[in-house]
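Just so it is clear, none of the values below were taken in a lab; they were calculated from the coordinates. These figures come from a predicted structure and were not determined experimentally. Neighbour counts run over all protein chains shown; Cβ positions are idealised from the backbone, glycine included.
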Amino acid sequence: MRLRMLLTLMVHVAVSCDSDSKPESEPGPLPIAGPSAAIDQNPADGIVEYSLTVAPAQFEFLPGAPTEVWAYNNQLPGPLLLANVGDLVRVHVTNGLAEPTTVHWHGIRVPHAMDGVAHGDGAGAIQPDETFTYEFTVRDAGTFWYHPHIRAHVQVEAGLYGTFVVRERPETAPDVDADRLFVLDDVRVRSDGSLDRSTNGHDVMMGRAGNLLLVNGRNDPVAVDMGAGRIERWRLVNTANARTFELEFTGVTVIEIGADGGLWPRTDARVIDSLVLPVGARAELLVRLPTGVDAGAMSAVVLVGTSGGGSAYQPMPLVEVAHDAAADATSPRKGHFVDPVFVPIDTAGATAHEVVLSATDTGDFAFTINGQTYPSYETWQVTANTANVIAIVDELALEHPFHLHGQYFQVLTINGRDADMPGWRDVVLVPPQATVEVATMFDNPGSWMYHCHILEHEDWGMMAVVDVMEPGHNGH
Ligand code: C2O
Ligand code: CU
């Protein structure tokens with residue numbers, strides 16, 4: 001176990017304000033390096049409009065051995081969708097598959113009708129050859145992603161996932177030299193290049209792990225050249241079906257500054273040398289290469305076979321950083337310099353609820369939440385804008401990345417101990433046979449899914465719905 005150092009960032013805001021030296025032109029936001037961005041088809045300010053076509057595509061994970069995947073706009077990961085906080089977003093989605101699909105905007109607080117969920121029978125889904133337009137306003141800045149919410153274990157594994165970045169207002173955005181996005185995934189590919197689409201009993205139990213690690217759709221580490229003294233913002237997203245990414249940083253100095261629901265106050269920022277990124281979760285980091293250090297890396301620590309026949313944990317580099325002396329910084333950036341408002345939920349008098357994650361094998365094996373298997377679920381109604389504490393109880397010897405739609409929560413405790421997880425989240429990893437307590441205000445009325453984000457667990461029933469009622473509604 002590595003120790004996480006807590007550190008209060010000391011930021012020197014020693015910027016000389018010389019009113020005579022105005023910049024030639026307004027500096028725009030930094031481009032985001034990573035999956036290429038979709039083109040905004042709407043010239044109006046405050047509105048972004050994108051088109052996504054879902055269809056089979058050819059891709060190459062292994063050199064010379066093409067793989068048939070399913071993709072958004074022929075890209076894997078799907079195109080980066082960009083908006084500014086407060087924008088109205090319209091996305092026209094055309095289904096070119098032979099089966100229904102949906103687009104769920106993971107982590108974005110959309111109105112319920114735009115959440116892109118469908119029930120098992122396909123009601124509410126986009127049928128083959130149909131187009132549906134999603135429309136919503138983005139209220140929160142942060143790093144999000146999108147993916148189908150029907151037969152997700154098949155559709156996401158086949159390549160349907162993309163990222164959605166909502167930019168902060170320019171005056172509150174971290175001051176950095178580069179902004180990079182790394183989408184982490186794994187995929188199971190046979191040696192002839194074909195995608196192994198089978199799901200066996202072990203996959204259902206453990207979640208389906210791939211044999212190739214992918215970063216931005218490729219099985220090669222991303223090469224980054226960095227000058228000493230530069231500060232980069234790295235955004236991480238885990239889109240795997242089931243793999244928890246255990247990341248390790250070497251050479252570089254890394255400060256964790258945010259998670260699912262955006263950036264943290266600076267007093268919560270911390271220096272890290274490792275990070276556990278559950279399925280569905282995001283992380284926001286500031287990364288530097290210290291003076292005098294030639295190289296650094298972000299690696300996934302994975303279990304691999306050894307020549308002796310046993311297995312061992314080994315680091316596999318996902319990003320390789322090399323020192324570029326020509327790019328050494330003369331005047332360092334401020335990094336994360338604005339404190340976002342974060343008001344912790346007052347849990348005194350909160351409504352308590354228990355969510356028990358388990359399984360049943362009377363009849364066919366299935367996962368359960370509070371004894372029921374989706375599409376069955378218990379009736380759970382809450383009043384919007386009231387404090388709720390949810391105890392998520394894992395009865396199994398398996399970990400579960402618990403995900404709630406439509407709102408954020410704060411993670412309070414893990415097995416009764418302070419979780420020490422700052423900020424707003426929409427995913428929390430529940431360790432085997434552990435209890436995790438989270439608090440939420442349920443500020444977004446509607447019927448919202450909550451489920452395990454191991455897609456095999458989700459599709460084998462570990463999913464349910466909470467009804468968030470407008471205050472004054474007498475449905476209780
Ligand atoms: Cu990312 Cu209900 O999902
Ligand atoms: Cu699970």
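Please state the relative contact order of segment 194-292 as a whole percent: Cα pairs under 8 Å, 6+ residues apart?
Working: 157 pairs, mean separation 33.0, N = 99.
Across segment 194-292, relative contact order equals 33 percent.
So if R0 is 25 Å, what FRET efficiency would S194 and T94 give, r being the distance between their Cβ atoms, rounded to the nearest 0.05?
Given R0 = 25 Å and the Cβ-Cβ separation, E is 0.45.
What FRET efficiency, computed as 1/(1 + (r/R0)^6) with R0 = 45 Å and r the Cβ-Cβ distance, is obtained for E470 and M206, rounded to the nearest 0.05?
Numbers: r = 41 Å, r/R0 = 0.90.
Efficiency, from the Cβ-Cβ distance: 0.65.
Just to check I understand the Karplus step: with θ = phi - 60° and J = 6.51 cos²θ - 1.76 cosθ + 1.60, what whole-Hz values come out for segment 429-434, glycine and proline as x?
Those phi angles translate into 7, 9, x, x, 6, 10 Hz.
Within a 10 angstrom radius of the beta carbon, how do R188, R208, R180 rank from fewest other beta carbons to most? Walk me through the numbers before you get to the answer.
Values: R188 17, R208 24, R180 21.
Taking fewest neighbouring Cβ atoms as first place, the list is R188, R180, R208.
Order of Y134, Y161 from fewest to most other C-beta atoms within 10 Å? If you can, show how the numbers build up before the last one.
On the way: Y134 22, Y161 26.
If I rank by nearby Cβ atoms, fewest first, I get Y134, Y161.
Let me have the relative contact order for the chain, percent, based on Cα pairs under 8 Å that are six or more residues apart. Display every interim value, and only then the final one.
On the way: 1274 pairs, mean separation 65.3, N = 476.
About 14 percent, as a whole number.
For the residues E246, E130, what sequence is obtained by ranking on other C-beta atoms within 10 Å, fewest first? Display every interim value, and only then the final one.
Values: E246 16, E130 12.
Ascending number of Cβ neighbours within 10 Å: E130, E246.
Restricting to the chain, what percent of DSSP beta bridges are antiparallel, rounded to 5? Numbers along the way, then the final one.
Working: 99 of 137 bridges.
Bridges in the chain that DSSP calls antiparallel: roughly 70 percent.
Do you know the relative contact order of segment 349-476, to the nearest whole percent, from alpha carbon pairs under 8 angstrom that are 6+ apart?
On the way: 324 pairs, mean separation 40.5, N = 128.
Computed over segment 349-476, the figure is 32 percent.
Modelled label-to-label distance, F365 and D220, 7 Å Cα→beta-carbon offset: nm?
Placing both labels 7 Å beyond Cα along the Cβ direction yields 3.9 nm.
Whole-Hz ³J(HN,Hα) for each residue in segment 212-217, computed from phi via Karplus 6.51 cos²θ - 1.76 cosθ + 1.60 with θ = phi - 60°, x for glycine and proline: what do you get?
10, 7, 10, 10, 6, x
Apply the Karplus parameterisation 6.51 cos²θ - 1.76 cosθ + 1.60, with θ equal to phi minus 60°, to every residue of segment 184-198 and state each ³J(HN,Hα) to the nearest whole Hz, in sequence, with x for glycine and proline.
With the stated coefficients, segment 184-198 comes to 9, 8, 9, 8, 10, 10, 7, 5, 7, x, 6, 6, 7, 9, 7 Hz.
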